[in-house]
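Engineer: Pasting a structure below so you can have a look.
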Amino acid sequence: MASSSEAGGSADYETLMSTSDVELLKRAWRNEKATPEILQYEGALVDRAKEQIELVEETIDDYVENCIDPLVVSLYQMDLDRTQFLLRSYLRVRLLKIEKFLFHNLKSEEAERRLSEQEKVFATRCADDLAKHFEETVLLKLPENYQSVLKQSLISEVDDMVPQPHLDTFVVCRSKNFVSLNLYEEGESPETVEMERGDLYFIRYKIVKGAIESGQIDLI
């Protein structure tokens, strides 16, 4: 009886814990961890991972109740732990970036579009609390021209007190397919680098930014 249940469990394994989704989650976590700016929130992938986690948890509980081979249960638990680790790490590194570039993420339309609705609420609340704290402890005690949270003084034309991601940061990346990249910005002397599948490069992030977003390049 136990052996037939184990066979059924093996047959349903790919349904319970999709290897492809685990690999996609690992890729999303690695890219998010290595990039200086926050990337697009992988909402559909996160939802699928949560559903798979719930399903595997229910399966493990059912196997334990029916005295299925502990080895089978432990294998399911190992993959469950791995998926939970990846999901938590992915969400945690995004929260760290939101806190680090709090006002930038809310001020920049591009950055704000990359946040989930829950992240937007979190960022807005943090920004409001931080601004209130600065005003009550420091800013209101300064001359009026220096009471801005975002600017050094009211005469500043830009928000020069808002930290921004450094897109010139160097990253290590691997090409998934052949890709040709422009090494310089528009208006500068054109020079390209051609990356073959599997090539490793140590290169400025802003050069490979578009290729990362399109899935042509992964960071490592």
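Engineer: If you scan segment 60-109, which residues turn out to be farther than 24 Å from Lys26 by Cα and outside any helix (DSSP H, G or I)?
Structural biologist: Across segment 60-109, the qualifying residues are Asn66, Cys67, Ile68, Asp69, Ser108.
Engineer: What's the number of the only condition in (1) more than 14 Å from Lys209 (Cβ to Cβ); (2) hydrophobic (A, V, I, L, M, F, W, C); (3) in contact with a strand residue (DSSP E or B) (Cβ under 9 Å, 6 or more places away or on another chain); (4) surrounded by 15 or more Cβ atoms within 10 Å (Cβ to Cβ) that Phe122 fails to meet?
Structural biologist: With respect to (1) more than 14 Å from Lys209 (Cβ to Cβ); (2) hydrophobic (A, V, I, L, M, F, W, C); (3) in contact with a strand residue (DSSP E or B) (Cβ under 9 Å, 6 or more places away or on another chain); (4) surrounded by 15 or more Cβ atoms within 10 Å (Cβ to Cβ), Phe122 is out only on (3).
Engineer: Can I ask one more? Enumerate the pairs (first residue in segment 142-157 and among the polar types (S, T, N, Q); second residue anywhere and open to solvent by less than 50 Å² (accessible area, probe 1.4 Å)) with beta-carbon separation below 6 Å, excluding pairs fewer than 6 apart on the same chain, so at least 6 apart or on different chains.
Structural biologist: Partner pairs satisfying both residue conditions: Asn145/Ser153; Gln147/Leu139.
Engineer: Which count do you get for residues in segment 93-112 that are open to solvent by 50 Å² or more (accessible area, probe 1.4 Å) and either within 19 Å of Leu55 (Cβ to Cβ) or touching a residue at least 40 places away in the same chain (Cβ under 8 Å) (or both)?
Structural biologist: To start, the set of residues in segment 93-112 that are open to solvent by 50 Å² or more (accessible area, probe 1.4 Å) comprises 95-96, 99-100, 107, 109-110, 112.
Filter again for either within 19 Å of Leu55 (Cβ to Cβ) or touching a residue at least 40 places away in the same chain (Cβ under 8 Å) (or both), leaving 100, 107.
Selection size over segment 93-112: 2.
Engineer: Which is surrounded by fewer than 13 Cβ atoms within 10 Å (Cβ to Cβ), of a type outside the set (Lys, Arg), touching a strand residue (DSSP E or B) at 6+ places or on another chain (Cβ under 6 Å) and within 25 Å of Gln216 (Cα to Cα), of Phe178, Phe202?
Structural biologist: After applying the criteria, what remains is Phe202.
Engineer: Going through Val56, Val121, Val64, Val73 one at a time, which residue ends up being among the aliphatic types (A, V, I, L, M) and within 30 Å of Ala131 (Cβ to Cβ)? Reasoning before the result, please.
Structural biologist: Numbers: Val56 fails: within 30 Å of Ala131 (Cβ to Cβ); Val64 fails: within 30 Å of Ala131 (Cβ to Cβ); Val73 fails: within 30 Å of Ala131 (Cβ to Cβ).
Only one candidate passes the filter, namely Val121.
Engineer: Still on this structure: Could you list, in sequence order, all residues of segment 149-169 that are over 15 Å from Ala211 (Cβ atoms) and surrounded by 13 or more Cβ atoms within 10 Å (Cβ to Cβ)? Give the steps one after another, and end with the answer.
Structural biologist: First, the residues of segment 149-169 that are over 15 Å from Ala211 (Cβ atoms): 149-166, 168-169.
Selection gives Val149, Leu150, Lys151, Gln152, Ser153, Ser156, Asp159, Met161, Val162, Gln164, Pro165, Thr169.
Engineer: Can you confirm whether segment 197-204 contains a residue that is closer than 23 Å to Arg30 by Cα and touching a residue at least 60 places away in the same chain (Cβ under 8 Å)? Reasoning before the result, please.
Structural biologist: Kept after step one, since they are closer than 23 Å to Arg30 by Cα, are these residues of segment 197-204: 197-204.
Still in the list and also touching a residue at least 60 places away in the same chain (Cβ under 8 Å): none.
The answer is no, given that none of the residues of segment 197-204 is closer than 23 Å to Arg30 by Cα and touching a residue at least 60 places away in the same chain (Cβ under 8 Å).
Engineer: While we're here: Given (1) loosely packed, with under 11 Cβ neighbours inside 10 Å; (2) at pLDDT below 90; (3) under 24 Å from Lys107 (Cα atoms), identify the lone condition not met by Ser189.
Structural biologist: If we test Ser189 against (1) loosely packed, with under 11 Cβ neighbours inside 10 Å; (2) at pLDDT below 90; (3) under 24 Å from Lys107 (Cα atoms), just (3) comes out false.
Engineer: Within segment 3-14, can one find any residue that is part of a helix (DSSP H, G or I), aliphatic (A, V, I, L, M) and either modelled with pLDDT under 85 or buried (at least 18 other Cβ atoms within 10 Å of the Cβ) (or both)? Full working, then the answer.
Structural biologist: Here is the first cut: in segment 3-14, the ones part of a helix (DSSP H, G or I) are 3-11, 13-14.
Then drop every residue that is not aliphatic (A, V, I, L, M), which leaves 7, 11.
Filter once more, so that each one left must be either modelled with pLDDT under 85 or buried (at least 18 other Cβ atoms within 10 Å of the Cβ) (or both): 7, 11.
Within segment 3-14, one or more residues are part of a helix (DSSP H, G or I), aliphatic (A, V, I, L, M) and either modelled with pLDDT under 85 or buried (at least 18 other Cβ atoms within 10 Å of the Cβ) (or both).
Engineer: Considering every residue within segment 120-135, establish whether at least one is over 29 Å from Arg92 (Cα atoms) and more than 26 Å from the chain's Cα centre (by Cα).
Structural biologist: For segment 120-135, residues over 29 Å from Arg92 (Cα atoms) and more than 26 Å from the chain's Cα centre (by Cα): absent.
Engineer: Hey, among Tyr146, Tyr90, Tyr76, Tyr41, which residue is over 24 Å from the mean Cα position of the chain (by Cα) and buried (at least 17 other Cβ atoms within 10 Å of the Cβ)?
Structural biologist: Working: Tyr146 fails: buried (at least 17 other Cβ atoms within 10 Å of the Cβ); Tyr90 fails: over 24 Å from the mean Cα position of the chain (by Cα); Tyr41 fails: over 24 Å from the mean Cα position of the chain (by Cα).
After applying the criteria, what remains is Tyr76.
The values are calculated or read from the model by the stated rules, or taken from the named source; none is laboratory data. All values derive from a computational prediction rather than experimental measurement. Virtual Cβ from ideal backbone geometry, glycine too; neighbours counted across all protein chains shown. Each accessible area value is taken on the protein alone, full model and side chains, heavy atoms only, with ligands, DNA and RNA left out. Shrake-Rupley method; radii C 1.70, N 1.55, O 1.52, S 1.80 Å.
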